[in-house]
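Everything on this sheet refers to the single structure shown next.
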Amino acid sequence: MVITRAANIPVASEGQCTVTLFVNGRGFPWLCEEFAMRIDIVCPLPAAIESCISTGIVGRGRERGLVEIVLHNLHDFADNRYGHIDDEPYGGGAGMVIRCEPVFACIESLQRERSYDEVIYLTPDGERFTQAVANELSLAQNLILLAGRYKGVDQRVRDLLVTRELSIGDYVLSGGELAAAVIVDAIVRLLPGAMSDAESALDDSFQDGLLSAPVYTRPAVFRGMEVPPILRSGDHAAIRRWRYEQALARTKERRPDLLNSLPSEQ
Ligand code: ADE
């Protein structure tokens, strides 16, 4: 059994949604009670994320009550009156390490209030964050995202508190806050009701393991370049076929590695 994607799709009846699991390319919709997701972001620099969670689809999702996102400043949990949350690394070396005490104080206080599906630490040495991971996390009820700065967090935080570690790519950011914002965005846009046209989430690059086909809008001819006539033909079956062929060709050219993980039925 190959689960290729899971997506939340809103249905008309108030208070319920369907969660569609795609298994070997076939969709199986499940009717669920609607739930608001909660995401707690624990970090040293919440200001770095504020605008990302207050605007666009994420901001609208919060306004609509689809998701509650709460920022926690690690400095508020410092165990000293200077608000220091970091210290020098044992064994020497450059950079500072975030201490255990503020992270444990913050996350354990959250865990006393509710149970969490995952405590996710953002780090370049984590598992690669992909659309499949976004789909999976969009089905969670409560998530904690822990973002570090400096040289990262004390290993004991990772050993005892963290349940999953994610990287958004093979490069090093100055802090995990932007990685947390990326992950929140990718999750929230999948929540039922977050997008005006929920179907478009399913057409995204990566949702079928393929990159997206090219898209066009008016005018039909711009600087001598014409929109492919098939897209204006009104023949929906032919358009679907054309888009699939274009997506396949683009994926072969730009990301041939993705084709190896396509389910065999596709
Ligand atoms: N923190 C710093 N760089 C990161 C990355 N690439 N992914 C996730 N968290 C990070």
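Read-outs: derived from the displayed coordinates by stated rules, not from any lab. Remember, predicted model here, so these are calculated numbers, not experimental data. Neighbour counts are summed over all protein chains in view; Cβ atoms, including those assigned to glycine, are modelled from backbone coordinates with ideal geometry.
For this structure, a couple of remarks:
- Yes/no for Ser212 being of a type in the set (Ser, Thr, Tyr), within 16 Å of the ligand (Cβ to nearest atom) and touching a residue at least 24 places away in the same chain (Cβ under 8 Å): no
- Residue in segment 74-86 that is assigned to a loop (DSSP other than H, G, I, E, B) and within 26 Å of Tyr171 (Cβ to Cβ) present: yes
- Residue list for segment 221-266, filter: more than 13 Å from Leu210 (Cα to Cα) and surrounded by 12 or more Cβ atoms within 10 Å (Cβ to Cβ): Val227, Pro228, Ile230, Leu231, Arg232, Asp235, Ala238, Ile239, Arg241, Trp242
- Filtering segment 212-234 to residues that are part of a loop (DSSP other than H, G, I, E, B), within 29 Å of Leu258 (Cα to Cα) and over 31 Å from the mean Cα position of the chain (by Cα) leaves Val227, Pro228.
- Within segment 203-220, the set of residues being surrounded by fewer than 16 Cβ atoms within 10 Å (Cβ to Cβ) and not acidic (Asp, Glu) comprises Pro214, Val215, Tyr216, Thr217, Arg218, Pro219, Ala220.
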